[in-house]
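One structure below.
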Amino acid sequence: MTEPAIALSLRNVHKNFGPAQIIRDVSLDIPAGERHAIIGPNGAGKSTLFNLISGAFPPSSGSIHINGIRADGTRPFQINRSGLSRSFQVTNIFHNMSVYENVRCATLWALGYRYVFWRFMSGLKDVEQRTEEVLDLIGLAAVRDTPAGLLSYADQRALEIGVTIAGDAKVVLLDEPTAGMSHHETERAVALIRKVTEGRTLVIVEHDMSVVFGLADRISVLVYGAIIASGTPAEIRADRKVREAYLGEEAA
Ligand SMILES: Nc1ncnc2c1ncn2[C@@H]1O[C@H](COP(=O)(O)OP(=O)(O)OP(=O)(O)O)[C@@H](O)[C@H]1O
């Protein structure tokens with residue numbers, strides 16, 4: 001049997017801010033199609049790791065490959081073009097624009113239509129089609145004309161996921177997609193994430209352990225900027241170092 005391709009590969013990645021070592025020698029291979037969660041205590045460096053992968057800033061040393069292409073040292077939009085898209089902890093949608101316009105705008109950007117005046121764009125069939133697909137996928141077609149700012153918080157997060165996957169990226173990074181949600185909203189969000197990442201590679205940072213253990217094929221545990229364990233949910237649950245450092249007895 002052939003090994004699955006590696007969608008995301010980090011080799012000996014370090015990130016220092018001044019004298020502070022925030023990411024310490026992280027190496028990680030995530031196969032294509034895997035759902036991978038990164039967990040760890042507050043301040044462990046999870047968002048920093050996301051920022052390195054998505055090109056917000058370069059690593060101090062080490063290398064990052066996305067779909068086999070060297071990504072460190074390139075700009076976020078170039079990384080986006082190599083097939084990686086990310087969401088942010090704080091919602092990143094345009095509140096005054098309708099749900100439809102938010103998705104359409106993300107689709108336009110992702111399909112390469114840039115700096116073209118809005119009113120000239122009505123005839124772009126590929127954009128229309130992808131926008132409709134995404135609206136259906138995220139279950140917001142019925143509220144397409146609603147300004148995004150008037151949606152419930154959970155629907156805003158669903159819209160954000162739609163905006164993230166509008167360009168059909170094969171590698172999707174989601175930063176705390178269920179933060180601030182009720183139990184019911186979280187269940188809905190997990191079902192949505194499962195659906196929209198079908199056939200893609202997902203890397204998710206998440207604090208809710210029921211989400212992590214329910215969704216992830218593999219989990220990496222980051223503590224003080226270093227990965228102390230990587231494995232299946234069962235392996236992570238059974239790992240003594242992880243229990244001591246992070247999960248506590250509740251996960252035992
Ligand atoms: N641009 C920056 N300059 C200096 N220090 C930073 C910068 N970004 C992050 N840090 C520091 O890096 C450390 C890790 O922060 P980071 O936000 O990556 O952690 P986290 O694991 O995502 O935390 P949380 O779970 O609370 O979101 C923190 O001590 C933070 O203060």
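The values are calculated or read from the model by the stated rules, or taken from the named source; none is laboratory data. All values derive from a computational prediction rather than experimental measurement. Positions of Cβ are generated from backbone atoms using ideal geometry, with glycine treated the same way; all protein chains shown enter the neighbour counts. We work out accessible area using only protein heavy atoms, side chains counted, and drop any ligands, DNA or RNA first. Shrake-Rupley method; radii C 1.70, N 1.55, O 1.52, S 1.80 Å.
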Choose one of VAL171, THR232, SER54: the residue whose Cα lies farthest towards the positive end of the charge dipole of the chain (beta-carbon charges +1 Lys, Arg; -1 Asp, Glu; about the Cα centre). SER54
Degrees, to the nearest 10: 183-196 long Cα axis against longest axis of the chain: 80
Using a Gaussian network model of the chain whose springs link C-alpha atoms within less than 10 Å, name the residue from VAL190, VAL203, VAL134 with the highest mean-square fluctuation. VAL190
At a Förster radius of 30 Å, what calculated FRET efficiency corresponds to the Cβ-Cβ distance of LYS241 and ARG70, to the nearest 0.05? 0.40
Given a 1.4 Å probe, how much area per residue of the chain is accessible, in Å²? 48
Among DSSP beta bridges whose residues both lie in the range 142-239, state the antiparallel percentage, nearest 5. 50
Work out how far the C-alpha atoms of the chain reach from end to end along every principal axis, then list the three figures in whole Å, largest first. 57, 45, 40
At what distance in nm do the modelled label points of ALA234 and TRP109 sit from each other, each positioned 7 Å from its Cα along Cα→Cβ? 4.2
Please get the size of the charge dipole for the chain, origin at its Cα centre, with Cβ charges of +1 on Lys and Arg and -1 on Asp and Glu, quoted in debye to the nearest 20. 720
Roughly what would the spin-label model give for ARG194 and ARG11, points 7 Å off Cα along C-beta, in nm? 3.7
To the nearest 10 degrees, how steep is helix 125-137 against the longest Cα principal axis of the chain, on a 0 to 90 scale? 60
